[in-house]
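Presented below is the structure to which this report refers.
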Amino acid sequence: MRKAKKKTGSRKKKPAATKENQSPVLKERLEAEFAQAVKSAKTYVGNPQRLQSLFQEAAKQAASMPKDPFAETWPYFQAMLRLIRAYSEGKYRDVPESTLVVIVAAIIYVVNPLDVIPDALPALGFLDDATVLALAVRRARQALDDFMTWETAAS
């Protein structure tokens, strides 16, 4: 009887483990693509014109993106865009450079239509983008919350 319970318990745990580790190859590729976006993001941070251009491109693309894959990260994605705009305009600079690089890298990744899972693939195309955004939100949540507080106070 105990063996049956253990098997049932292990079956319940297996799907969760495979869901988190869906594909090691896909995860490696996603990490490599994001690392490339981070390298690129470093060149944007000191260039307000490039940041403004990135903001415009990302805002235009966000207007036609499905929100469902992003779930609770969608408001943070919007905050990232506003932060980039405010930073590029010199209105808001109270963000660590390393955090800004992570935010810019996430936006660069999302804007790239030919990332790990091409955005044109129905139902799957934005899952990698959502994963990257969730990662960036985890790393930059405090800075984003501080920025949103600043926005509210500045209004």
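The 3J(HN,Hα) values that the Karplus relation (6.51, -1.76, 1.60; θ = phi - 60°) gives for the stretch 140-155 are, in residue order, 10, 3, 5, 5, 5, 4, 4, 4, 5, 5, 4, 4, 5, 5, 6, 6 Hz. Gly and Pro appear as x. Once all protein chains are placed together, PHE34 keeps about 10 Å² accessible to a 1.4 angstrom probe. With a Förster radius of 25 Å applied to the C-beta separation of ASP68 and ALA35, the computed FRET efficiency comes to 0.35.
Taking packing as the residue-averaged number of other Cβ atoms within 10 angstrom, the listed peptides 55-64, 77-86 run from highest to lowest as 77-86, 55-64. The stretch 43-155 has equivalent-ellipsoid semi-axes of 23, 15, 12 Å, by the square roots of 5 times the alpha carbon gyration tensor eigenvalues, sorted largest first. Set against the 2.2 N^0.38 Å expectation for a compact globular protein, the stretch 56-104 has a Cα radius of gyration ratio of 1.21. The largest accessible area among ASP94, ASP128 belongs to the first residue in ASP94, ASP128, and the rest follow in falling order (1.4 Å probe, all chains). Obtain the nm distance between the two label points defined at ARG141 and GLN56 by a simple spin-label model: each point lies 7 Å from its Cα along the Cα-to-C-beta direction. Result: 3.5 nm between the two label points.
The values are calculated or read from the model by the stated rules, or taken from the named source; none is laboratory data. All values derive from a computational prediction rather than experimental measurement. Note that each Cβ is placed from the backbone with ideal geometry, even for glycine, and that neighbours are counted across all protein chains shown. Calculation scope for accessible area: heavy atoms of the full protein, side chains included, ligands and nucleic acids excluded. Shrake-Rupley method; radii C 1.70, N 1.55, O 1.52, S 1.80 Å.
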